[in-house]
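So the structure is just underneath, and the comments pick up after that.
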Ligand code: HEC
């Protein structure tokens, strides 16, 4: 009788350990997930609705000076986040842009790079001109686009949440190193 009881206990334990050994050989879940999301990686990285809009502007009809400043804007303001973030932001005036470029200036200095006054002024100049054309001159279109971006961002944010939850449930011990706010 004693023998049989032992066997009853050992057999299920053996099966369980065999099963878990098999499980370990499977590829990590997620790697084989064929369609994890309907959004692109870029969209999933969005932190503001503006990040989801266009990252470039057709400056071909802008004055030559502004076209030159646009190049500075693209190279400086696209190094941490998409240039979509400022291009689709609702800010328009020299006062607003002066404040934001100053705020970004501090972030850039913290990164060890420099944005001198002259370059900062050129970027503000471009942003003010461009805001006048697109955000004030074509206000209705710009507002409609803002609403679209907000609605899209609401969808993306839900998906970001779902993916974080999925990730946490599948690999509870995985830790992502902190890389700062982007
Ligand atoms: C060193 C990295 C870095 C660079 C370069 C940078 N940004 Fe940013 N930017 C950030 C971070 C981080 C945030 C989000 C936190 C915040 O708003 O301060 C941000 C947010 C923004 C926002 C959204 C703020 C809001 O609250 O609506 C705007 C607009 C913006 N940046 C404009 C610019 C412009 C214009 C430039 C170029 C002069 C620029 N950024 C360059 C790091 C950077």
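Listed values, structure above:
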item: Extension gain (nm, one decimal) between residue 95 and residue 47, 0.36 nm per residue minus Cα-Cα; result: 14.9 nm
item: Packing-based exposure ordering (other Cβ within 10 Å, fewest first) of 145, 69, 139; result: 139, 145, 69
item: Ascending count of other beta-carbon atoms within 10 Å, so fewest first, for 129, 178; result: 178, 129
item: Pairwise label distance in nanometres, residue 109 with residue 138, each label 7 Å out on the Cα-Cβ vector; result: 3.7
item: Radius of gyration and Dmax over the Cα atoms of the stretch 41-168, both given in Å; result: 15.8, 51
item: Rounded FRET efficiency, nearest 0.05, which uses the C-beta distance separating residue 37 from residue 178 and R0 of 22 Å; result: 0.40
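Bear in mind that the values in this text are calculations on the coordinates, not laboratory data. As the structure is a prediction and not an experimental result, all values here were calculated from the model. In this analysis, Cβ positions are derived from the backbone assuming ideal geometry, glycine residues included, and neighbour counts consider all displayed protein chains.
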